[in-house]
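Below you'll find the structure, written out as structure tokens, and then a few comments.
The values are calculated or read from the model by the stated rules, or taken from the named source; none is laboratory data. Since the structure is predicted, the reported quantities are computational estimates derived from the model, not experimental observations. Heads up, the Cβs are rebuilt from the backbone with ideal geometry, glycines too, and the neighbour counts pull from every protein chain shown. The protein model used for the area step is the full one, side chains on, heavy atoms only, and it has no ligands, DNA or RNA in it. Shrake-Rupley method; radii C 1.70, N 1.55, O 1.52, S 1.80 Å.
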Amino acid sequence: MDTTKLPTTLPSETTPKTYSANKLRTFIVSAQATTLIVNGTITNTAVVNANATTALLSADVNSFVPTGTTLLFGTIPVITTADVTIGTGATTVNIQAAPAGGLAANATATYSNLLEIPTPEEVSPTLTADEETIKVHGRTTPIRSVNGIDMTANIRTLAAIDDPVVRRLVGKGMSLSPNNRERLLWLYDDGFALMGTVNIGAPNRQAAPGGTQRCMFTANLSGGLHWANLNDTTPVWKAVNA
């Protein structure tokens, strides 16, 4: 065969890229937060004695820190017991009794209000669209307007309650609305991002083959739902059903 007769212009490749479903990641974002903080620094500005229940902390940017957050100063954990916004000046923060040995002044912790749900087995949200404006369910049932998009999600993780993120989900799930609200962020491998305010359902603890356990939660939409395309030059959050 004479290879010199092969067309020199090659056809363009149109096969779609493939992405791994295993790379879907889920984060908790504080419902009261107004900005995303990924690598903020929090500094302990004064010595914290053993068993102390308050600490003076400062942050490099104003940071809303929800109750139950674990701040790790080196190897020393400090757990907040109340919602607080830590400013750039010293802020009094309520904490669980400080560990033996206390905490030295000027110790620092890295803070992010993106808390990743650890070792997930299932995190996929399900969007259901219902665009019928009016539904009638029998003569005695009131007419109700729908015309919207709903979302439900299951969260199943191998981590246990000794993990601070799971402990937070358990605390939310054992509370009633509105005290069980969280804002969840899903990041997909192809750059799609989905963020919604949800009600966390009661934890379902389950044993599994091989001696492992599961912590399972439901997350049902209870507030705003937004999406973004991280492939855009300047990604922005767009409201779903705006």
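Key figures
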item	result
Residue check for GLU132: at pLDDT 70 or above, open to solvent by 60 Å² or more (accessible area, probe 1.4 Å) and among the acidic types (Asp, Glu)	no
Selected residue (criterion: least open to solvent (accessible area, probe 1.4 Å)) from residues of the range 198-230 that are closer than 18 Å to THR157 by Cα and among the polar types (S, T, N, Q)	ASN199
Pair list, Cβ under 8 Å, 6 or more apart: the range 104-122 residue touching a residue at least 24 places away in the same chain (Cβ under 8 Å) and of a type in the set (D, E, K, R), other residue open to solvent by 40 Å² or more (accessible area, probe 1.4 Å) and assigned to a loop (DSSP other than H, G, I, E, B)	GLU121/LEU158
Residue check for THR233: open to solvent by 50 Å² or more (accessible area, probe 1.4 Å) and touching a residue at least 12 places away in the same chain (Cβ under 8 Å)	no
Residues of the range 1-47 that turn out to be β-branched (Val, Ile, Thr) and assigned to a loop (DSSP other than H, G, I, E, B), as a count	11
Residue check for ALA50: surrounded by 12 or more Cβ atoms within 10 Å (Cβ to Cβ) and part of a loop (DSSP other than H, G, I, E, B)	no
Pair list, Cβ under 7 Å, 6 or more apart: the range 10-29 residue under 30 Å from THR70 (Cβ atoms), other residue surrounded by 10 or more Cβ atoms within 10 Å (Cβ to Cβ) and of a type in the set (S, T, N, Q)	LEU24/SER124; VAL29/ASN113
The range 153-179, residues that are open to solvent by 30 Å² or more (accessible area, probe 1.4 Å), modelled with pLDDT of 90 or more and in a helix (DSSP H, G or I)	GLY171, LYS172
Members of the range 65-78 found to be closer than 16 Å to ILE28 by Cβ and surrounded by 14 or more Cβ atoms within 10 Å (Cβ to Cβ), listed by number	VAL65, PRO66, GLY68, THR69, THR70, LEU71
Complete set of residues in the range 80-103 that are surrounded by 13 or more Cβ atoms within 10 Å (Cβ to Cβ), over 25 Å from ALA219 (Cα atoms) and in contact (Cβ under 8 Å) with a residue 40 or more places away in the chain	ILE86, ALA90, ASN94, ILE95, GLN96, ALA98, PRO99, GLY102, LEU103
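Condition check ((1) under 20 Å from the mean Cα position of the chain (by Cα); (2) under 22 Å from LEU187 (Cβ atoms)) across all residues:
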{"site": "THR3", "(1), (2)": "no, no"}
{"site": "LEU6", "(1), (2)": "no, no"}
{"site": "LEU10", "(1), (2)": "no, no"}
{"site": "PRO16", "(1), (2)": "no, yes"}
{"site": "LEU24", "(1), (2)": "yes, yes"}
{"site": "ASN62", "(1), (2)": "yes, no"}
{"site": "ILE76", "(1), (2)": "no, no"}
{"site": "VAL93", "(1), (2)": "no, no"}
{"site": "ALA97", "(1), (2)": "no, no"}
